[in-house]
Structure formats: structure tokens, C-alpha cells
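Chemist: Handing you this structure, nothing more for now.
The values are calculated or read from the model by the stated rules, or taken from the named source; none is laboratory data. Owing to the predicted nature of the structure, the values given are computational and were not obtained by experimental measurement. Backbone-built Cβ (ideal geometry, glycine too); neighbour counts: all protein chains shown. Side chains included, ligands, DNA and RNA excluded: accessible areas come from the protein's heavy atoms. Shrake-Rupley method; radii C 1.70, N 1.55, O 1.52, S 1.80 Å.
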Amino acid sequence: TVPVTLVVSSATVGPNITAVLNGASFQAGFEAGSWVTIKGTNLANTNPGRIWRTDEVVNGVLPTSLDGVSVTIDGLAAYVYYISPTQINVQAPSDSSQGQVNVVVKNNGTVSAAFPATLQPFAPAFFLYTLTPYAIATRYPDNALVGNPSVIPGTVAAKPGDVLIFWATGFGPTDPPTPAGIAVTGAPKATLPSISVGGVPVTTIYAVLSPGSAGLYQIAVQLPASLPAGIAVVQASIGGVQSPGGVNLFVGN
């Protein structure tokens, strides 16, 4: 007779990915170097979630791990900006691949199943004010936040003839080339996209990566003087790819 003690511990539940989305449109499809949102469960142990700290960006190099959480896209390390149990935001790594790629989350030694996602040469999308369909925009030259004041306190309505800067991701390569994972220096130029507001083509003044950022584009346009008041849909096209519909700009009288 041999005495035996059996110790039963709770099972370790690993990270589970349920969606991989464009970080601005929250729809499928993203570009190398653009922002990506990963949804799921047990993605991180940090609760509430957090973004990277300034000390975690070393000499302009972005972190690939926060609190033991890392992500690979097509086998390459992504740059981790935000972690929580149900969401991770990353900058996709530089990658020449296109089409279906695998996304994997590692949470303190436990690894998710690979989740298929679509890597595109262009994936233009505008960032939106939280829980609204309105594009984040600023007015030149006073940098006033532009939105629907009745929905987004602290914003002002756009006016016909205004010069606006939209904030976006996925608008393609820049000159000079800008690798992912490095804080942007200067303002590398991107190809000018075609932009329409309310179905009317507008003048695109410039498209650049925002200095000091990563994967964040500034798209400057001038609104037509004849633009009618009301809610106008904003849409971009570049490289044969259109940004998602349903993105709005509020135009005042």
C-alpha cells in the first residue's frame, strides 16, 4: 500500500481570438504598418487595460510586449500599444505578404490558436470619435476639433470652404519609406488619395504620416464652398481600395 496525494488545480485557459479588425474602421482587412484591433477572451491578465508607457518606447522603438503579452502577424512581431483581457491594439509589422495571414496572441506563456486575417496593400480607414459615426478631424489653422457639437461636446461643425485634417490609417507606403515599429520622424509623404465629402470630390492638399506617431496619417482637404449643411459621408479611395462607408462629417450653416 502506497499513500498518494492528488492535487487538483484549475485549468489554465489560454487566449482566444474572436476577431482581427482594421484599427480605425473595425472591419476586416488591414495593411502592413497600420493599426489593428484584436478582440477575444483571456488576451491579457492586465485588468483594467492599459496602453504602453513612455519608458517602454526606447529610443523611438515601440514595444513588442506589454505585461507578458505579445502578438505575431504572419509570424512577425507586432508592436503592442494597448492590452486588456478582451482587446489588444497593435501596429502591424512591415511585411510584403498579401492575402490571408495568421494572427497569434501569446499571454504569459499560453498561446492562442492561429486566427486568419487579411493583409492588404491598402486598407484606408478614418478614425472615429468613440461610439459615433463621425470622423475625427481638426480644422486648419486653429486645430479646433471638428464634429457634431450636439453629439460630441467640445467639437465645432465644419463649414464650407474649411481646410480640415482627417486622421486615418492604412493609406499605403510613404516617401521616404517608413518601417513599422519606429516612431515617425519628419512627415513622410503618402500618395494623395481621392476624397469625397457628401458624394462631392474635394481637393486633397496633402497626405503624410503624423510626426512622432506610428501608422497614423494626416489627410488634409479643402471643403467646397458650395457644400450643403447637414451630415455628409466621407470616403477615400487609394490603390483601387475604398474606405468603408458610414463615416460622417457634420457641416454647419
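Chemist: Give the number of residues within the range 53-69 that are surrounded by 20 or more Cβ atoms within 10 Å (Cβ to Cβ) and closer than 17 Å to Ala32 by Cα.
Modeler: 1
Chemist: Could you count how many residues in the range 226-242 are among the small types (Gly, Ala, Ser), part of a strand (DSSP E or B) and in contact (Cβ under 8 Å) with a residue 40 or more places away in the chain? Steps first, answer last, please.
Modeler: Applying the first criterion (among the small types (Gly, Ala, Ser)) to the range 226-242 yields 226, 229-230, 232, 236-237, 239-240.
Still in the running and part of a strand (DSSP E or B): 230, 232, 236-237.
Subsequent filtering for residues that are in contact (Cβ under 8 Å) with a residue 40 or more places away in the chain retains 236-237.
Matching residues across the range 226-242 total 2.
Chemist: Of the conditions (1) in a loop (DSSP other than H, G, I, E, B); (2) among the polar types (S, T, N, Q); (3) under 19 Å from the mean Cα position of the chain (by Cα); (4) within 15 Å of Ile17 (Cα to Cα), Asn89 clears all except one; give me its number.
Modeler: Tallying (1) in a loop (DSSP other than H, G, I, E, B); (2) among the polar types (S, T, N, Q); (3) under 19 Å from the mean Cα position of the chain (by Cα); (4) within 15 Å of Ile17 (Cα to Cα), Asn89 fails exactly one: (1).
Chemist: List every residue pair whose Cβ atoms lie under 8 Å apart, where the two residues are 6 or more positions apart in sequence or sit on different chains, the first residue falls within the range 43-63 and is within 10 Å of Tyr82 (Cβ to Cβ) and modelled with pLDDT of 95 or more, and the second residue, located anywhere, is aliphatic (A, V, I, L, M) and open to solvent by 40 Å² or more (accessible area, probe 1.4 Å).
Modeler: As it stands, the answer is none, since no pair meets every condition given.
Chemist: Collect the residues in the range 88-108 that are more than 16 Å from Gln120 (Cα to Cα), of a type outside the set (Lys, Arg) and open to solvent by 40 Å² or more (accessible area, probe 1.4 Å), keeping them in residue-number order.
Modeler: Matches in the range 88-108: Asn108 only.
Chemist: Could you give every pair whose Cβ atoms fall below 8 Å, whose first residue belongs to the range 197-210 and is on the phi > 0 side of the Ramachandran plot, and whose second residue is open to solvent by less than 20 Å² (accessible area, probe 1.4 Å) and in a loop (DSSP other than H, G, I, E, B), counting only separations of at least 6 or pairs across chains?
Modeler: Gly198/Leu227
Chemist: Hey, Gly245 hits all of (1) part of a loop (DSSP other than H, G, I, E, B); (2) open to solvent by less than 60 Å² (accessible area, probe 1.4 Å); (3) under 22 Å from Val36 (Cα atoms); (4) in contact (Cβ under 8 Å) with a residue 60 or more places away in the chain but one; which does it fall short on?
Modeler: For Gly245, the exception is condition (4).
Chemist: If the Cβ limit is 7 Å and pairs must be 6+ apart or interchain, which residue in the range 73-89 that is at positive phi pairs with which residue that is surrounded by fewer than 20 Cβ atoms within 10 Å (Cβ to Cβ)?
Modeler: Taking only residues 6 or more apart or on different chains, the pairs are Asp74/Asp95; Asp74/Ser97; Asp74/Asn102.
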